[in-house]
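**Student:** A single structure is presented below for examination.
The values are calculated or read from the model by the stated rules, or taken from the named source; none is laboratory data. None of the values given here were measured: they were computed from a predicted structure. Neighbour counts run over all protein chains shown; Cβ positions are idealised from the backbone, glycine included.
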Amino acid sequence: MMIEPASAPLTMHATTILMVRKNNDIVIGGDGQVSMGATIVKGNARKVRRLSGGNVVAGFAGATADAFTLFERLEAKLDQYRGQLLRACVELTKDWRTDRYLRRLEAMMLVADKETGLMLSGSGDVLEPEGGIGAIGSGGNYALAAARALADSSYSAEEIVRRSLAIAADICVYTNHNFVIEKLTAGSSGS
């Protein structure tokens with residue numbers, strides 16, 4: 001009898017998305033490379049976007065069409081639950097696991113508002129990353145390690161994201177140096 005190996009965690013290729021919370025800032029940044037196999041087809045994609053009138057920032061790793069579907073669904077959930085990020089994410093993830101169409105989507109997301117930062121997956125995960133630092137994508141572990149190493153430095157959250165993404169881009173062939181970075185500051189307006 002053959003024993004099936006435990007399934008490995010879902011790893012999305014072709015991007016690096018990083019979230020860092022430090023002091024009153026939460027920053028999500030990502031690279032702009034879109035790859036099809038071993039070919040780079042676009043270098044300036046926007047994988048990090050503002051939602052909910054600028055009050056939420058979201059970044060995705062995975063198939064582009066799937067990510068746009070998830071952005072739209074998250075925006076609808078944020079409208080439905082009056083901007084309550086955690087509730088919207090839990091409801092989105094429930095749909096993602098149970099809906100026949102959504103179940104096939106291959107993507108992961110990092111989302112944040114001024115109070116909360118979350119990692120979402122189609123396997124039902126709604127996780128608040130430890131220490132306020134989370135990363136997804138093929139270069140995610142490189143960026144995560146760099147950000148954790150820089151967390152206690154004098155660098156701001158935005159500087160940590162920029163430096164960590166640069167390190168990931170130097171290592172991961174699916175990540176480039178064309179970054180999109182969005183920042184939210186507690187106590188300020190979202191736009």
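**Student:** Evaluate the following for Glu72: is it over 22 Å from Asp25 (Cα atoms), touching an Asp or Glu at 6+ places or on another chain (Cβ under 6 Å) and at pLDDT below 95?
**Tutor:** For Glu72, the condition - over 22 Å from Asp25 (Cα atoms), touching an Asp or Glu at 6+ places or on another chain (Cβ under 6 Å) and at pLDDT below 95 - is not met.
**Student:** Let me ask another. If I ask for residues that are over 12 Å from Val180 (Cα atoms) and not small (Gly, Ala, Ser), which ones from region 42-59 would you list?
**Tutor:** Here is the first cut: in region 42-59, the ones over 12 Å from Val180 (Cα atoms) are 42, 51-56.
Result: Lys42, Leu51, Asn55, Val56.
**Student:** So, in region 131-175, of the ones that are β-branched (Val, Ile, Thr) and in contact with a helix residue (DSSP H, G or I) (Cβ under 6 Å, 6 or more places away or on another chain), which residue ends up farthest from Met119 (Cα to Cα)?
**Tutor:** The residue in question is Ile171.
**Student:** Still on this model: Before we move on, is Leu144 closer than 29 Å to Gly37 by Cα and touching a residue at least 24 places away in the same chain (Cβ under 8 Å)?
**Tutor:** The answer is yes for Leu144.
**Student:** Another question, if that's okay. Out of all the residues in region 132-179, which are hydrophobic (A, V, I, L, M, F, W, C), touching a Ser or Thr at 6+ places or on another chain (Cβ under 7 Å) and either farther than 12 Å from Val20 by Cβ or surrounded by fewer than 16 Cβ atoms within 10 Å (Cβ to Cβ) (or both)?
**Tutor:** Once the filter is applied, which keeps residues that are hydrophobic (A, V, I, L, M, F, W, C), touching a Ser or Thr at 6+ places or on another chain (Cβ under 7 Å) and either farther than 12 Å from Val20 by Cβ or surrounded by fewer than 16 Cβ atoms within 10 Å (Cβ to Cβ) (or both), region 132-179 yields Ala168, Ala169, Cys172.
**Student:** Starting from region 37-53, keep only residues that are without any contact (Cβ under 8 Å) to a residue 40 or more places away in the chain, then list their pairs with residues that are surrounded by 13 or more Cβ atoms within 10 Å (Cβ to Cβ) and polar (S, T, N, Q) whose Cβ atoms are within a distance under 8 Å, requiring at least 6 positions of separation or different chains.
**Tutor:** Val41/Ser35; Lys42/Gln33; Ala45/Gln33; Ala45/Thr64
**Student:** While we're on this one: So Arg82 ticks every box in (1) part of a helix (DSSP H, G or I); (2) more than 18 Å from the chain's Cα centre (by Cα) but one. Which box is left unticked?
**Tutor:** Every listed condition holds for Arg82 apart from (1).
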